[in-house]
Each structure stands twice: as structure tokens, then as C-alpha cells.
Amino acid sequence: MGIFMKFITLIALLLLTSCIKEKNQINLLHYNIKELDSLKLRSKEDSQINAVKEVIQNFSFDILSINEMQYDLPMVPVKGLETTGQNINILAKRLGLENFSGVFYPANTGMKAKRDESGNYATNFKSTDTRKLADPEDFGIFPGQYSSGALIKNNLKIISSKNIQNLTWKEFNPAIDLTKFSDNNGNPLSERVKLFDKNLTDILVEKDGFQFHIIILHTVPAFHFGNKKSPNYQRNADQLKFLEWYLTRQTSLNIPGIEIEPLAENTPFVALGDWNTELSNTSNPGSEVLRSLSKKVQLYPTDPKLITNESPSFAPKRLQLQLDYIAVSEHFKILDAGVYRPEEMRKDLGCENIVKKDSIRSYKENEKSCYAEFSEDFLRAKEASDHFPVWAKLEVK
């Protein structure tokens, strides 16, 4: 064989190898997009959606998991809105993801919220009147508020999907003593309180003959929000125990006979979401469940330095947490993964009057307004959400 033919053969083999690898690859992106409601999605002037679009342009993905998106219902949160379940498609169009299909179910969040005197649901999260109208058990100020969805690229075929929403806490964990807890209004919890304040979605997809499940879950925060008898810590733990059992058929609870079947043994899956407790936390019971899960599946991130959530503040010391995760079965090899949190490039400017610039933000320190300058990418990520995207590049083994 001549040198030229050997060269052509080598190029062909390299191209073939590249095609095979690409064929076996599946790219994941999980993103909790803060309080993404129907009003924001329908406003062309909303800068948050534009920031989200710029952020996700950093990634190539086949699956986008989305938390905190409102499941749209007529006249929710205000009169004049008419669609049902179309927010996932509206978001796809706004983000330029027309070659993706959406799977979207309503969360329990806000289903017990009340309308105000004008017949609308509250939309101002900070108002004290808003709290009086909020759902006392499942949080939220209007129905379907913190729902989760998935956008799946059309190179994956959606076989089926199901929504797990109505299982009660007592059905899953009969031993739970609900009398220890109170709702956000100080009243006893209902014996029929749901396990999930939101919901869990299971989507079966196929790529080139390989089938796997996509599990989307956004758990309740492991935080009390001022309620000393809050069920949140234990509810978070039991939601994660359900996830562990559903994925692996094993958890510390003795699961009674319920109508829901977990995944069959040796089933390929990817699970994504804001699981609202830190893997490294030593006091939250949900964190112990996460550590148990991490011994059964491949979990990312595990490095406590990787921050996925922080307060909207720009102060030097602000609340920073690791809450968002991706878990995958042994059928996949994680080629690469990361948290998209751009470098701050912080430059503190003191607390005197300064010349205003787009790259400067203020924060309070000892009752004074102080200022700092940040990188454009970091500010865009902060405008998009209080969470940072988590991504993973997988290869089917």
C-alpha cells in the first residue's frame, strides 16, 4: 500500500472512531432557573431569560433538566393567561431549542395557595401579605409554581414518561410521626400530606437502540425558614430515600407495598436535580442519604468546593451551597463534568461614591453601601439564576 493510501486509510479510521465515540456520547445539563414563571416567559423584555440563553450557549447537550419553572394553568398567577402545560415549549423557543421536545408535569407546589381580593394569585415574594396566601404545606404562592421539566434533543426518542406526585408521606414511610411537625401557619400537618412538595418525573428514552431513564427531581429545601417545627429536614431525607430506592431498589427505610414500582435491577439511568442538601453536611439527614446514594451510583459533584447555589448578594461573604447533582448508573462512563460558575474577577472599590458602570454592583456592609466590580460572565450567570448549571459528558459503556 502506498504512503498516500495509508494516509487516507488512517484518516478514515480516525473519522470512523470519532463517529462511533460521538454516537455513544450523551451530554447532560441541569439548571435550576430561579422562579421562572409564566409572566417572565411571556415578557420579551425580561433580562433573566436573555441571560439564561447566553449561559446555555456555553454547552452542547442532549438533555436539559430544568427546575423552578411554573407549570402554566389558565389565570395563574393572574387573569389573562390561558395556556396549560406550554411553558416548557415557550422556554424552548425563547432559548432557540426548536430541535428539542419537552416533557413537563405540574408540581404540588402552590396547589393550596389562595387568590387575593382581586382574584389573582400573589406574585411579590417579599410581601408579608403574600405569605398569608401561600400554600402552608407545599409552599409556593400559586399552583404549579416550582415545577420541573426536561428538554430532550430530537436525536433521542421519547418512549414514555410518568409523573409521581400523589404518593402520601405516610404511604411511603408509615413510621413517620407527623404530629411532631407543623405547617408554615403553625397548624398540624395533614395525615394526607404528600411525600413530594413538587414531583418526580421518569422519562424513558432511546438512542441508537440503547434505552435509559431520565429522572428529574427537585426536593424540598433542608431548611426551616423560621418554622421551629418544620418537617423540611425529614421530608427532604425521605424524598431522597425515595430517589435512592427508585434508582437502586435499596434504602434504609423498609418500603411497604406501594403501587409504584422502582426501576428494575440493572436499568440504565441518569438522575438530575436540585436536591437541596449538601453532600458534605453532617447535620441534615438528607445529606446522609446522599452519601449512601453516592456509594451505589456515580454522583457529581462530590467536591464540596464546587458551589451550585449562592444568595443574590454581591458581598464578599455570602451564603454559598452545593445543592444540585447528577447521578448516573454504572452503564455510563463520565468523560467530563463540571459546574458552570464563571470567575468573579472581583475588584473591591470601597464604600465611597463611585462612577457607575455596568460591571459594578453594590452590597451592604455595616449599614453602608459598598461596591465591587465583576466579570461580565459572572454577572450574566448571577442574573440568570441563583443556581449555576451542572453538566456532564457521558459515554455509554
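The values are calculated or read from the model by the stated rules, or taken from the named source; none is laboratory data. In this text the structure is predicted, and so the values were computed from the model without any measurement. Counting neighbours? That spans all protein chains shown, and the Cβs are built from the backbone with ideal geometry, glycine included. The area values use the complete protein model at the heavy-atom level, side chains included, leaving out ligands, DNA and RNA. Shrake-Rupley method; radii C 1.70, N 1.55, O 1.52, S 1.80 Å.
Couple of notes before you dig in:
- Yes/no for GLU191 being within 17 Å of GLN239 (Cα to Cα) and open to solvent by 10 Å² or more (accessible area, probe 1.4 Å): yes
- Test: residue in the stretch 120-127 that is touching a Gly at 6+ places or on another chain (Cβ under 7 Å) and part of a loop (DSSP other than H, G, I, E, B): no
- Contact map, the stretch 378-397: first residue among the polar types (S, T, N, Q), second residue assigned to a strand (DSSP E or B) and open to solvent by 40 Å² or more (accessible area, probe 1.4 Å), Cβ cut-off under 8 Å, separation 6 or more or different chains; pairs are SER385/LYS34.
- Scope the stretch 106-124; condition closer than 15 Å to LEU36 by Cα and modelled with pLDDT of 95 or more; matching residues: PRO106, ALA107, THR109, GLY110
- Test: residue in the stretch 91-114 that is assigned to a helix (DSSP H, G or I) and open to solvent by 10 Å² or more (accessible area, probe 1.4 Å): yes
- Among the candidates ILE141, ILE152, residue that is open to solvent by less than 20 Å² (accessible area, probe 1.4 Å) and either within 27 Å of ASP208 (Cα to Cα) or part of a strand (DSSP E or B) (or both): ILE152
- Looking across the stretch 115-133, the residues that are under 21 Å from PHE181 (Cα atoms) and either buried (at least 22 other Cβ atoms within 10 Å of the Cβ) or among the charged types (D, E, K, R) (or both) come down to ARG131, LYS132.
- Residue check, PHE242 of a type in the set (Phe, Trp, Tyr), in contact (Cβ under 8 Å) with a residue 12 or more places away in the chain, in contact with a helix residue (DSSP H, G or I) (Cβ under 9 Å, 6 or more places away or on another chain) and open to solvent by less than 30 Å² (accessible area, probe 1.4 Å): yes
- Condition check for TYR340: surrounded by 15 or more Cβ atoms within 10 Å (Cβ to Cβ), over 29 Å from LEU290 (Cβ atoms) and aromatic (Phe, Trp, Tyr): no
- Test: residue in the stretch 320-335 that is open to solvent by 20 Å² or more (accessible area, probe 1.4 Å), touching a residue at least 12 places away in the same chain (Cβ under 8 Å), in a loop (DSSP other than H, G, I, E, B) and not small (Gly, Ala, Ser): yes
Conditions (1) more than 23 Å from LYS34 (Cβ to Cβ); (2) at pLDDT below 95; (3) assigned to a loop (DSSP other than H, G, I, E, B); (4) among the aromatic types (Phe, Trp, Tyr), marked per residue:
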residue	(1), (2), (3), (4)
HIS213	yes, no, no, no
PHE242	yes, no, no, yes
TYR246	yes, no, no, yes
GLY257	yes, yes, yes, no
ILE260	yes, no, yes, no
GLU265	yes, no, yes, no
LEU290	no, no, no, no
ASP303	yes, no, yes, no
SER313	no, no, yes, no
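- Selection of the stretch 35-81 for residues being open to solvent by 30 Å² or more (accessible area, probe 1.4 Å), hydrophobic (A, V, I, L, M, F, W, C) and either part of a helix (DSSP H, G or I) or touching a helix residue (DSSP H, G or I) at 6+ places or on another chain (Cβ under 8 Å) (or both) yields LEU39, VAL78.
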